[in-house]
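For reference, the structure is listed below as structure tokens.
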Amino acid sequence: MTAQEVRLCGLLLREHFGEVVEKVGTHLLRSGTQNLRTIIHETGVSLDLVKKSLCVLMQHGACVFSSGRKGPGSPTEYQVTCDRILRILRYPRYIYTAKTLYGDTGELIIEELLQRGHMTMSSTVKTVADRLTQNMEEGHSMDYNEVSAAFSKLVETHFLQRCPPMAVAQTTDKTTPGTPAAPGTPAEAVSTTTPTPESFPDCYKVPDVTLIGRGKRQLSGEDGEDQRNAKKAKLDSEVRTHGDEGIYWQVTFERFHLHFRDQAIINAVASRLDQTSSEIVRTMLRMSEVLTSPTATCTKPLSANEIFRALPTSYNIPRPILDQYLTLLVDDPMEFVGKAGESGGGMYVVNLHKALSNLARATLESVVQERFGSRSARIFRLLLRKRHLEQKQVEDFAMIPAKEAKDMLYTLLSQNLVQLQEIPKTPDYAPSRTFYLYTVNQLPTARMLLQNCYKTVANLIERRLFETKESKRLLEKSQRIEAILASLQASGAEPEQLKEVEEMITAPEKQQLDALRLHVNKLDSAENQVDETIFLLECYIDSTATTTR
């Protein structure tokens, strides 16, 4: 874990959970596994706040606990996982993907589960139905069954999964904070691995939940508060009738990542060749997503006949044309698709690792071009292709004057984008009898760029927080006026009253607010764009690590 990752994790924890959780979380990231007493002593935070912070982190899956390393009876120890905290950066993308695939209902289900860590199915359905009803016209409401159907679809496609069950501990440590709303009682040891269908058979089994009714609108006023409290007490008394007590659900981040990876490959094929080729690759990925392991270097072989039958009928691709497209994909230098045999009209696979490697390579080339210009990018691409070249060979192949090529190579070398390898003819390493070869090691360069991306996102978040803090008074005033306007509109106020309230913000203040919102939106957009680069580089590094095992 690097300093840039810890810094970014701290900013994400502060933005979403507050400064106390940030202090406890970053301390555990830097110090590693610790027990409760040590955390309190080294952070200087009170016992109650440390317990609550650990509860928040465990609720969101960012902290795991296990029995002490000193043997039976030793205090429970806690460990924060950096990868899980960094997933917070990708929350908007998860939510947008759910909206694209399953509409507003799917979007709100994923949003609620991300905000609360994990929930029961009945609680999620009720909350989402109430939120959807709130945005509907008067007299309309959302049926619980519709939300339950969307929830079941998310589980069927493995975007949601059950939280792993925890064994009931025989003895409970009084100093151990319990996880809020956690499925089961905390055990002395818990597995830190994500549950899979192989290890947990009921991971994707939807329970029989008895939910009858429709979403309810939020009431306003004191009477509404009393009614809401009464209804909440009534619902709490009836919670046992739903049939899913103790069964909690969480978002399957790995499934979303597989979807993002497939979309990146499909988009790359579309930009490299055409839309029809991308649809053929999309069909191959869809057919093999259940059969292929998430860590596999390529998909399971599919025959041309199977691909032809599975293609969408709207494309009307004749069989001879499909064979031509498959041949074109196999012969393409990017090697997105490979041929694995001749049976069934030809057996084809999608080369996942090669595709990710080519996407990472294109990202590195783009970074070099944007920072150092097209000539430096030409040298960088040349070294990637030829592997090892002397300076004179670089000048000749790249067709760049010697002085300029030398300056560019030294600039790339100083930025660790290019490495210099010495091959001596004699053991004394005499310069006159040594070959000096320039080369590019893609994997270390990708790791370095990944750390730069973490630093960039952290800078963007800090800048956004600074901009918001500087205009805090103006933002609070704007929010108060918007609340007053909403209240007046709900009560049927006259246009003159609304105009009078709107004029409470002066013209210069409006300009300042517009400029601030534009700036913050640009920073948000930049964060999302950098996260896409982070995702590609992480996928490539993980895939390479899996391949070399």
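If the condition is being without any contact (Cβ under 8 Å) to a residue 40 or more places away in the chain, within 18 Å of residue 83 (Cβ to Cβ) and not polar (S, T, N, Q), then the stretch 28-55 contributes only 30.
If I filter the stretch 55-98 down to residues being among the small types (Gly, Ala, Ser) and touching a Gly at 6+ places or on another chain (Cβ under 8 Å), which single residue comes out as farthest from residue 17 (Cα to Cα)? Here the residue is 74.
Is it the case that residue 382 is in contact (Cβ under 8 Å) with a residue 12 or more places away in the chain and either in contact with an Asp or Glu (Cβ under 9 Å, 6 or more places away or on another chain) or within 15 Å of residue 273 (Cβ to Cβ) (or both)? No. Highlighted here are the helices (runs of 4 or more DSSP H) found entirely within the stretch 1-108 that include at least 2 residues which are open to solvent by 50 Å² or more (accessible area, probe 1.4 Å): 3-17, 19-31, 36-43, 47-59. Taking the stretch 324-337 as the range and being free of Cβ contacts under 8 Å to residues at least 60 places away in the same chain and within 35 Å of the chain's Cα centre (by Cα) as the test, the residues that pass are 325, 326, 327, 328, 330, 331, 333, 335, 337. In the stretch 7-26, the residues that are within 12 Å of residue 88 (Cα to Cα) reach residues that are crowded, with 19+ Cβ neighbours inside 10 Å and acidic (Asp, Glu) with C-beta atoms within less than 7 angstrom, at least six apart or across chains, in these pairs: 10/22; 13/22; 14/22. Considered as a group, the residues in the stretch 511-531 that are closer than 30 Å to residue 441 by Cβ and touching a residue at least 24 places away in the same chain (Cβ under 8 Å) include one that is surrounded by the fewest Cβ atoms within 10 Å (Cβ to Cβ), and that residue is 528. For the stretch 469-506, the set of residues classified as open to solvent by 70 Å² or more (accessible area, probe 1.4 Å), among the charged types (D, E, K, R) and assigned to a helix (DSSP H, G or I) consists of 469, 470, 472, 473, 476, 480, 482, 496, 499, 500, 502, listed by residue number. Number of residues in the stretch 398-443 that are out of contact with any strand residue (DSSP E or B) (no Cβ under 8 Å at 6 or more places or on another chain), within 19 Å of residue 377 (Cα to Cα) and not acidic (Asp, Glu) equals 18.
Screening residue 347 with (1) surrounded by 20 or more Cβ atoms within 10 Å (Cβ to Cβ); (2) of a type in the set (A, V, I, L, M); (3) touching a residue at least 40 places away in the same chain (Cβ under 8 Å) gives one miss only, at (1). Look at the stretch 311-323: where a residue is at negative phi and assigned by the TED database to the domain that holds residue 275, no partner that is among the acidic types (Asp, Glu) and open to solvent by 60 Å² or more (accessible area, probe 1.4 Å) sits 6+ places away or on another chain with Cβ atoms under 9 Å. Elements of the type helices (runs of 4 or more DSSP H) sitting completely within the stretch 244-358 and holding at least 1 residues that are under 30 Å from residue 200 (Cβ atoms): these cover 253-272, 275-288.
Put simply, of 435, 466 the only residue that is open to solvent by 60 Å² or more (accessible area, probe 1.4 Å), in the same structural domain as residue 364 (by the TED database) and either out of contact with any Ser or Thr (no Cβ under 7 Å at 6 or more places or on another chain) or free of Cβ contacts under 8 Å to residues at least 40 places away in the same chain (or both) is 435. Taken together, 402, 430, 458, 398 contain a single residue that is over 16 Å from residue 372 (Cα atoms), without any contact (Cβ under 8 Å) to a residue 40 or more places away in the chain and surrounded by 11 or more Cβ atoms within 10 Å (Cβ to Cβ), which is 402.
Residue 482 satisfies every condition listed in (1) at pLDDT 85 or above; (2) under 19 Å from residue 502 (Cβ atoms) except (1).
The values are calculated or read from the model by the stated rules, or taken from the named source; none is laboratory data. Note that the structure is a prediction, hence the values are computed from the model and not measured. Cβ: placed from backbone, ideal geometry, glycine included. Neighbour counts: every protein chain shown. Areas reflect the complete protein model, heavy atoms only, side chains present, ligands, DNA and RNA absent. Shrake-Rupley method; radii C 1.70, N 1.55, O 1.52, S 1.80 Å.
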